[in-house]
């Protein structure tokens, strides 16, 4: 819930930014002076980059949440039985031991989005956010490819 509220707040702030800076950008461009025109264009382009980055993060979050729900419905989510620190985060030593199991599972089934998603969760528990996000992104791409396959091809791949 906190992440959704934060994303909504970020989107609202981005809209306010567009309105305030957009007007200033138009004023810069209308001066006709070369440096002012360049500044005006930059003031238009930079928020677009921000929108793209925000869209990627929101899309990643929504898709990840959908896959978590799907794994939960299938009973395939990892059981969280790791020792935790006072902060509530998993103990890294315990998470690293558990990680080996998910890595082996992914190596055995490299085209299974479920194993990649569980590997991403294991990376996150071990404290490696960069690899966690990469594994989950890969899981998302594999799941999308699975959904796009014709039903008979998906059935054949499952066998």
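The values are calculated or read from the model by the stated rules, or taken from the named source; none is laboratory data. These numbers come from a predicted model, not from an experiment. Cβ sites come from the backbone with ideal geometry, for glycine too, and all protein chains shown count toward neighbours.
Among the residues of region 109-139, those identified as surrounded by fewer than 20 Cβ atoms within 10 Å (Cβ to Cβ) and within 15 Å of the chain's Cα centre (by Cα) are 124, 128, 129, 130, 131, 132, 133, 134, 137, 138. Scanning region 82-115 for residues that are more than 22 Å from residue 70 (Cα to Cα) and assigned to a loop (DSSP other than H, G, I, E, B) turns up 82, 83, 85, 86, 87, 88, 89, 91. All told, residue 78 falls short of being touching a strand residue (DSSP E or B) at 6+ places or on another chain (Cβ under 8 Å) and surrounded by 11 or more Cβ atoms within 10 Å (Cβ to Cβ). Taken over region 1-59, residues that are outside any helix (DSSP H, G or I) and under 24 Å from residue 137 (Cα atoms) amount to 1.
Only one of the numbered conditions (1) under 21 Å from residue 11 (Cβ atoms); (2) surrounded by 14 or more Cβ atoms within 10 Å (Cβ to Cβ); (3) under 20 Å from the mean Cα position of the chain (by Cα); (4) without any contact (Cβ under 8 Å) to a residue 40 or more places away in the chain is violated by residue 106, and that is (1). Taking the conditions (1) exposed (fewer than 15 other Cβ atoms within 10 Å of the Cβ); (2) over 24 Å from the mean Cα position of the chain (by Cα) in turn, residue 28 satisfies each one other than (1). Filter region 123-156 down to residues that are touching a helix residue (DSSP H, G or I) at 6+ places or on another chain (Cβ under 8 Å) and farther than 30 Å from residue 92 by Cα and give me whichever is modelled with the lowest pLDDT. Across region 123-156, the extreme among qualifying residues is 154.
If I filter region 116-134 down to residues being part of a helix (DSSP H, G or I) and free of Cβ contacts under 8 Å to residues at least 24 places away in the same chain, which single residue comes out as nearest to residue 85 (Cα to Cα)?
We begin by selecting, within region 116-134, every residue part of a helix (DSSP H, G or I); these are 116-125, 129-134.
Remaining after also requiring free of Cβ contacts under 8 Å to residues at least 24 places away in the same chain: 119-120, 124, 129-132, 134.
Working: 119: 21, 120: 20, 124: 15, 129: 17, 130: 21, 131: 21, 132: 20, 134: 25 Å.
That would be 124.
Looking across region 43-60, the residues that are surrounded by 12 or more Cβ atoms within 10 Å (Cβ to Cβ) and over 12 Å from the mean Cα position of the chain (by Cα) come down to 43, 44, 46, 47, 50, 51.
Within this structure, residue 63 passes the test of being part of a helix (DSSP H, G or I), touching a residue at least 60 places away in the same chain (Cβ under 8 Å), within 24 Å of the chain's Cα centre (by Cα) and under 24 Å from residue 142 (Cβ atoms).
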